[in-house]
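**Q** Submitted below is the structure of interest, expressed as structure tokens.
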Amino acid sequence: MTKAELKKNIRVLIIDDVEDDALLLADHLQSGGLLMEWQHAVNESALLAAMNSSWDIVFSDFSMPNFSGFAALKIVRQFDENVPFIFNSGALGEATAVEAMRAGAQDYVIKGQMTRILPIVERELRETELRRGRLKSDQMLSQLSLVVKQAADSVFITDPKGYFEYVNPAFERLTGYSSVEVKGKKPSILRSGSHAGDYYRRLWHTIAQGEIFKSTTINKRKSGELFYEEKVITPLKDEKGKITHYVSTGRDITERMQAEGGRTRLAAILEATPDLVAILEPGGKLRYVNGAGRNLLGIAQEENVEGRDLGDFFPQEMAEQLLVEVLPQAQSVGSWSGETILYTADGREMPVSQVVLAHYDNERNIEFFSTIARDISERKQFESELQHRANYDSLTDLPNRFYLIERLRKALNHARRTSTQVAVMFLDLNNFKRVNDSLGHAVGDVLLQQVAKRLLSCMRPNDVIARHGGDEFTIMVTDLEREEGALAVIRKLHQVFELPVFVNDNELYVNFSTGVALFPHDGDNVEDLLRHADTAMYRAKSSGSSQYRFYAPDMNERGHELLSMEADLRHALDKNEFLLNYQPQFDLRRGQLVGTEALIRWQHAKRGLVSPGDFIPLLENSGMIIPVGEWVLHESCRTHRRWREAGIMGQRISVNVSASQFNDDDLLNKIRHAIKEENMPSGALELEITENILMQDVQTATEILNALHAIGVRTAIDDFGTGYSSLAYLKRFPLNVLKIDRTFVSDLGKDKEDAAIVEASISLAQKLGLEVVAEGVETAEQLSFLQARGCDMVQGFYMSKPLTEVQAMEYLSYIWHLKRAVGY
């Protein structure tokens, strides 16, 4: 079970006679990011009642009055043998713990030492899924075994050296040999002597190359009696492509092949069959074609075919194959079998399974050849469907991971010969889980199908787009001369998703994180390229939405560093390592300080001050952004209260809200609680939300913004211009402020396009009745430009860098008292 799946509601049963201990355990699990429904059972009767429901995991105290942990374990196992059972006890010695594990418990945790508990939950839920998967596989294997056992066709399985490992009852009936008799032997015990040594060398050469061997074989029963068998031998391979077994299926066609009775009876049989049957002279001239064959080839029933050339009636290609390849081989080894295409009289292409047998006289001279061609159209269609299902994703009809790997291997071989490059791109749709959770899996499935169509629309025919699983896609781009070719593909991908995707009545904006690995620079084999593209994708994902990254070797080192940092980050809140800085915002029209933006910092005990760009993505990906974001909200409100107590009035504090926080069902309650607890004045709190967050689900975003507006909280659209927002929706949103992203401000006076975007943004905001804040103002020239265009407010290093709480208090106090002194 993945971390994403752990975010789903998990059903937890806690057995403990002390309610506070149960509450403490539940609180620890929930605060660790586990979404769960839980129930408390205090004694045996409560446990029996609770076990009428299903549970994902069970925790139990060990020592309880009149009720032991072993008794609880026994009851749980009576109802569910697979549910993970964890002892959570303050008095569990090592010997008892070992006994508990032998009795069927998965693990134990000492009360008060809870750091292991979340990894245990994750591990046990994942292992339970694996156990259930294996049970399902075993059941499927049992069903398949029953099918083979009851099959009418002979089936046997050998090891790679050809020794029997299994024979089904039909084999025993057909050959007369029991499974005990063939143990330790090879199928050569069935040889009849009817086939030359070349026949068996060809058989072994074919299957040893991993290919399927098909033939009509004359074998010998235990009794010495000969029989004809339609034989198919299939190699079985492991994940690495190594042959582990051979599976042989055989159908007894003795009755069909033996001539019983005279020529009249044989003719009647041949005329009755729906298969094409023909008899040929040793030199290849026709002697006989049955009625079914005449119908297929367009030969009149009364027309004499004896002595005629094959090319007079058979398609030219098929006639040449019979004369040049088939008949000489049948003459050499006694038979030929294979599949070919027959062009019928009505112009259809009919796939046929064809057998050609050489018939000898008493002196072993060729007397004639016989051939049977059976229509296998339905079988081919079925095989084609099976092949498609094996290689293509059932939802999107894109190639799956296995087909991608096969195509990628061929592409790498081609690239080696042509000295070209191959790009492997991992695409991960951002916020797809929220679509599933909010709109349902049916909408999510249709969205994936629409995404697949758009991806196909912008790729070349020889490129491959595969669904890697879930919301991940993989693209293989071949014949690249330079790395810039991969960049061109990425630009096309972004362009094709600039417009929304419509699913039913939902307008959805799609963006994705992309990781790119190039052959041969980033790896010379399939496994390395896929792994490196995946690594690059996760680096892109940590950089924000709609980002792409090319693989670099230091990403692996960086990955280890991030894992270590994430582990430290999980304890940072408890250790009070987070702090807030405050960057002042100035009103250009009145020349006044009107507010600050709260910016989180992490003061690590060993690493020092960690860059927000390093740890904020980790907070997002790990789910810790929810509790940390709540701390930022409360701390900002507490800081504002301290300012008011110091006589600093009329200031606003802006707090950034992440996508996870915005989608938190409890967001409004948390905001109300923080405002009420710190007695925050109406309009003093401002929440900054990026436009991409708002555009992901317009209807839900509008409802949340209206609710915030109703309680007096101001809202600002942050990083404006960097996402894909619709002006029609901006008009609908109850916003107060539009913040122009620093990327457009940094080159004002140098970049005409950025200047035009800033002017247009200010004009748009004024027409929508919004205040405008420009971020990242660092020069007098930028400030002058913004002031001349009517920008309302600015923030940036030119006015003030972000300040610590103490610095901000001193700065605001100085400004406040200065205003009072000059009569503002």
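**Q** Yes or no: residue 710 under 23 Å from residue 770 (Cα atoms), free of Cβ contacts under 8 Å to residues at least 12 places away in the same chain and either aliphatic (A, V, I, L, M) or open to solvent by less than 30 Å² (accessible area, probe 1.4 Å) (or both)? If you could, list the steps in order and put the result at the bottom.
**A** Values: under 23 Å from residue 770 (Cα atoms): yes; free of Cβ contacts under 8 Å to residues at least 12 places away in the same chain: yes; either aliphatic (A, V, I, L, M) or open to solvent by less than 30 Å² (accessible area, probe 1.4 Å) (or both): yes.
Yes, satisfied.
**Q** Answer yes or no as to whether residue 479 is under 20 Å from residue 414 (Cα atoms), at pLDDT 85 or above, out of contact with any Gly (no Cβ under 6 Å at 6 or more places or on another chain) and not aliphatic (A, V, I, L, M).
**A** Answer is yes for this residue.
**Q** If I go through region 726-742 residue by residue, how many of them are at pLDDT below 85 and under 21 Å from residue 791 (Cα atoms)? Please lay out each step first, then the result.
**A** So the first thing to find is which residues in region 726-742 are at pLDDT below 85, and the list is 726-732.
With under 21 Å from residue 791 (Cα atoms) added as a condition, the list becomes 727, 730-731.
Going through region 726-742 one residue at a time, the tally reaches 3.
**Q** If you don't mind, another one. Does region 734-756 hold any residues that are open to solvent by 30 Å² or more (accessible area, probe 1.4 Å), in contact with a strand residue (DSSP E or B) (Cβ under 9 Å, 6 or more places away or on another chain) and assigned to a helix (DSSP H, G or I), and which are they?
**A** 742, 743
**Q** Quick one: which of 28, 40 is closer than 30 Å to residue 664 by Cα, not hydrophobic (A, V, I, L, M, F, W, C) and not in a helix (DSSP H, G or I)?
**A** Details: 28 fails: not in a helix (DSSP H, G or I).
Within the list 28, 40, the selection yields 40.
**Q** Mind listing just one residue for me: the one in region 164-211 that is of a type in the set (Gly, Ala, Ser) and in contact with an Asp or Glu (Cβ under 9 Å, 6 or more places away or on another chain) and, of those, farthest from residue 241 (Cα to Cα)?
**A** Let us first name the residues in region 164-211 that are of a type in the set (Gly, Ala, Ser), namely 170, 176, 178-179, 184, 188, 192-194, 196-197, 208, 210.
In the following step, the residues that additionally are in contact with an Asp or Glu (Cβ under 9 Å, 6 or more places away or on another chain) were identified as 170, 176, 178-179.
Numbers: 170: 30, 176: 35, 178: 32, 179: 29 Å.
Among those that are of a type in the set (Gly, Ala, Ser) and in contact with an Asp or Glu (Cβ under 9 Å, 6 or more places away or on another chain), it is 176.
For (1) open to solvent by 70 Å² or more (accessible area, probe 1.4 Å); (2) on the phi > 0 side of the Ramachandran plot, each residue gets a yes or a no:
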position: 329; (1), (2): no, no
position: 332; (1), (2): yes, no
position: 344; (1), (2): no, no
position: 347; (1), (2): no, yes
position: 354; (1), (2): no, no
position: 359; (1), (2): no, no
position: 366; (1), (2): no, no
position: 369; (1), (2): no, no
position: 375; (1), (2): yes, no
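**Q** So residue 515 ticks every box in (1) loosely packed, with under 15 Cβ neighbours inside 10 Å; (2) under 16 Å from the mean Cα position of the chain (by Cα) but one. Which box is left unticked?
**A** (1)
**Q** Within region 784-804, work out how many residues are buried (at least 18 other Cβ atoms within 10 Å of the Cβ), without any contact (Cβ under 8 Å) to a residue 40 or more places away in the chain and under 19 Å from residue 595 (Cα atoms).
**A** 0
**Q** Which residue pairs have Cβ atoms closer than 9 Å, lie 6 or more positions apart in sequence or on different chains, and pair a first residue in region 604-615 that is free of Cβ contacts under 8 Å to residues at least 12 places away in the same chain with a second residue that is aromatic (Phe, Trp, Tyr)?
**A** Correct list of pairs: 609/602; 611/602.
**Q** Starting from residues that are open to solvent by 20 Å² or more (accessible area, probe 1.4 Å) and assigned to a loop (DSSP other than H, G, I, E, B), keep the ones in region 645-670 and report whichever is nearest to residue 593 (Cα to Cα).
**A** Of all residues in region 645-670, those open to solvent by 20 Å² or more (accessible area, probe 1.4 Å) come to 645-647, 649-650, 652, 656, 659-661, 663-666, 668-670.
Next, only the ones that are assigned to a loop (DSSP other than H, G, I, E, B) stay: 646-647, 649-650, 663-666.
Values: 646: 16, 647: 15, 649: 11, 650: 9, 663: 32, 664: 32, 665: 34, 666: 33 Å.
Taking the candidates together, the pick is 650.
**Q** If residue 173 meets every condition in (1) modelled with pLDDT of 80 or more; (2) more than 25 Å from residue 210 (Cβ to Cβ); (3) open to solvent by less than 40 Å² (accessible area, probe 1.4 Å); (4) not β-branched (Val, Ile, Thr) apart from one, which number is that one?
**A** Condition (3) is where residue 173 drops out.
**Q** Here is a list: 530, 499. Which entry is within 25 Å of residue 418 (Cα to Cα) and of a type in the set (A, V, I, L, M)? Steps first, answer last, please.
**A** Details: 499 fails: within 25 Å of residue 418 (Cα to Cα).
None of the other options fit; the residue is 530.
**Q** Would you say residue 419 is touching a helix residue (DSSP H, G or I) at 6+ places or on another chain (Cβ under 7 Å) and either open to solvent by 10 Å² or more (accessible area, probe 1.4 Å) or at pLDDT below 90 (or both)?
**A** On the way: touching a helix residue (DSSP H, G or I) at 6+ places or on another chain (Cβ under 7 Å): no; either open to solvent by 10 Å² or more (accessible area, probe 1.4 Å) or at pLDDT below 90 (or both): yes.
So residue 419 fails the test.
**Q** Let me ask you something else. Under the condition of being touching a residue at least 12 places away in the same chain (Cβ under 8 Å) and out of contact with any Gly (no Cβ under 9 Å at 6 or more places or on another chain), which residue from region 762-772 is least open to solvent (accessible area, probe 1.4 Å)?
**A** Only one residue fits best here, namely 765.
**Q** Those residues that are among the aromatic types (Phe, Trp, Tyr) and part of a strand (DSSP E or B), I need them from region 402-435; list them, please.
**A** 426
The values are calculated or read from the model by the stated rules, or taken from the named source; none is laboratory data. Quantities reported herein were computed from a predicted structural model and do not represent experimental measurements. When we count neighbours, we look across all protein chains shown, and the Cβ atoms used for this are built from the backbone with ideal geometry, even at glycine. These area figures cover heavy atoms from the full protein model, side chains too; ligands, DNA and RNA do not enter into them. Shrake-Rupley method; radii C 1.70, N 1.55, O 1.52, S 1.80 Å.
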